[in-house]
Each structure stands twice: as structure tokens, then as C-alpha cells.
Amino acid sequence: MKRAIPTYELYGEEARERPDFWLHCETIPSRSSLHHWEIGLHRHESFFQILYIVDGSGDAIFGDTVHAIRPPVMITVPPATSHGFRFSRDIDGFVFTVLASHLKVSPGERSRLGAWMAAPRATRLDASEDGRYVALTLSRLGAEWEANRSHRTDLLDAYLTSALTLSARLDEAHPAKDDATDTQDERRVEHFLGLVQQHHRAHKPAAFYARELGLSPTHLNRIARSVTGQSAHEIITRKMTDEARRELVFTRGSVQEIGFRLGFADPAYFSRFFLRQTGMTPRAWRLAERTKLGA
């Protein structure tokens, strides 16, 4: 009879009812040395984990599959995935534990990066420009977290997103699509997402973005759904909601000030919009999330 695989927030610590961090960082030796350099099979229900290994050797175990660790390597583990490690005593590097709901792209989301993040990976960081950049970015991520300086959230987000996106490109096991139409549609959607990032505070409708891309609104909706699983309007709305969530948790502005910054002239309308998207008022959501993060 198989032994049940435990679920932890951090390995060896009992899972609490609510996590009290969105990002945690520690060196790999600091925890593995406490467990004789072996991390038994376990899961993280709400967390995405990244290991950046710069020295040493060992094995990464994903369920019944074993991968040899050959540094420099970036190992990614999505939530609810059974995993464990065996390390040599000279192992060196960082482990980053990230609240999955905080990631810019969710594991399993209908995009290339989302699909890549949905399965555990061991991505060799080769000597290419991208490989060196990922290694440097992960080192900077660890240093920034450890320094604990003010106004660091945006930097940590940028480092995470850059490292994951470039690692997905580097991973030779990630299958590329050969279909020219799919590639063209993906590029159009990437352009659309960039425009939404640029104009979301102006509350531009989907028709505006279609015109900018030289497409009809119907065509934009079709390719948006085929690539992301969401309509153009849903993507625009999600972007605004995500920005509101970020501002509510990581800035000190009042709900009214945040609404103004996001382009809502009427604070009451901002509250109704947020309630419709999340099921909570901005104030209630802010209080609940800050409580989760121990703020």
C-alpha cells in the first residue's frame, strides 16, 4: 500500500489554512541539509516552485520519473505535482516558492507559456545569451528578495516573468508549432496583449484594439479565443481586474485613489466593477488578501 504523499507550503512544515507570503526564497542547502540532502516526495497545493541549481548534482523526482540534475539548470514544479529531490552535499542554488495565483500566467492557461508551466520541467541553462540571462535573472531575484528593500514587488514580478518566459523558449522538450496560421495568430494576440497593457487605463473597447490590429472585432475575438480561451473583452476586463488587485494589495492608496489611477472617474462604478469580477468589494478584498500575506 502506497504511503500518502504529504502537502506542504514549505517542505517539512505543516500546511496552514492560509499562506502568509506570495514569494519565499531560500538557498537549497539551508533546507536540504536538515533532511540529509534528500527531499521526500511531497506536493504544494497553492504554490509554483522554481529551483535554480548552479553547482552539485543529484536527482529530481517527478512522480515515478527521475531526472539527473546537471547544473546550471532551472527546475519548475507546478502546484499539486508530486516531486522530491536527492542532492549531493556540494549542491548550491536557490529555491523560490511562489503563490500560483500571483503569477502573470497561470499554469495550464491556454497559451504556450501556460502549457509549458503546467508540467514539471528541468531546463538546462546553456551558454546561449538567453541561458546566461535566465541564470543572471534568477540570481538577481534571489538577491532582491534577500535585500528586502522597499518598492521591490514590481522588480520581483519582472524577474519571475522574464525567467519563466525565456526558460520556456530554451526548453528543447517544449514542442514548437509548425502551422504558419497558428504562429501568425499567436503574434497577433501578443500584439493585442501589448496594446491592452498600454491602453487599459483608458478603458478602450475591443473594437479599438481590432482597428489597431487591422482586424474586424469578430476576427479578433476568434483568434483571442483560439490562443487564450478568452474573448477580447474578457482579456481587457481581466487585465483591469488584475491591475486593481495588484494596486489594492501592494500600494497604500485609498480605494478611491486606485480607482482614479485605473481610469474610473466614479468610485462607485469602480467598486461595482470590482464586485462583479471578484464577488467582493475592493475594501473587503484588500483586507482579506493582506491578511493572507501577513501584512
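The values are calculated or read from the model by the stated rules, or taken from the named source; none is laboratory data. Model, not experiment: these values are computed from the prediction. Please note: Cβ atoms are built from the backbone with ideal geometry, for glycine as well, and neighbour counts cover all protein chains shown. Ligands, DNA and RNA are excluded from the accessible area calculation, which covers all protein heavy atoms including side chains. Shrake-Rupley method; radii C 1.70, N 1.55, O 1.52, S 1.80 Å.
Could you go through segment 148-168 and let me know if any residue there is closer than 22 Å to Arg31 by Cβ and at pLDDT below 90. Yes - at least one qualifying residue is present in segment 148-168. If the condition is being open to solvent by 40 Å² or more (accessible area, probe 1.4 Å), farther than 14 Å from Thr123 by Cβ and not in a strand (DSSP E or B), then segment 56-74 contributes Ser57, Asp64. Within segment 198-210, residues that are over 26 Å from Glu257 (Cα atoms) have Cβ atoms under 9 Å from residues that are in a loop (DSSP other than H, G, I, E, B) and of a type in the set (A, V, I, L, M) in these pairs: Tyr209/Leu215, counting only partners at least 6 apart in sequence or on another chain. Summed over segment 264-287, the residues that are closer than 23 Å to Pro217 by Cβ and either open to solvent by 40 Å² or more (accessible area, probe 1.4 Å) or under 24 Å from the mean Cα position of the chain (by Cα) (or both) give a count of 2.
The set of residues in segment 154-167 that are surrounded by fewer than 16 Cβ atoms within 10 Å (Cβ to Cβ) and of a type outside the set (A, V, I, L, M, F, W, C) comprises Asp154, Thr161. Against the conditions (1) modelled with pLDDT of 90 or more; (2) buried (at least 18 other Cβ atoms within 10 Å of the Cβ), Arg124 satisfies every one except (2). Counting only residues that are in a helix (DSSP H, G or I) and among the aliphatic types (A, V, I, L, M), segment 105-149 holds 10 of them.
Of the residues examined, Asp185 is one that is part of a helix (DSSP H, G or I) and either of a type in the set (Val, Ile, Thr) or over 30 Å from Asp266 (Cβ atoms) (or both). Residue pairs whose Cβ atoms lie under 6 Å apart, separated by 6 or more positions or on different chains, with the first residue in segment 269-294 and within 10 Å of Val249 (Cβ to Cβ) and the second open to solvent by 40 Å² or more (accessible area, probe 1.4 Å), are Lys292/Arg18.
For first residues located in segment 237-261 and of a type in the set (Asp, Glu), partners that are open to solvent by less than 20 Å² (accessible area, probe 1.4 Å) and in a helix (DSSP H, G or I) and lie 6+ apart or on another chain with Cβ distances below 6 Å form the pairs Glu247/Ile258. Put simply, of Leu156, Leu138 the only residue that is touching a strand residue (DSSP E or B) at 6+ places or on another chain (Cβ under 7 Å) and within 19 Å of Arg246 (Cβ to Cβ) is Leu156. In segment 75-107, of all residues being open to solvent by 40 Å² or more (accessible area, probe 1.4 Å) and over 11 Å from the mean Cα position of the chain (by Cα), the one that is modelled with the lowest pLDDT corresponds to Ala80.
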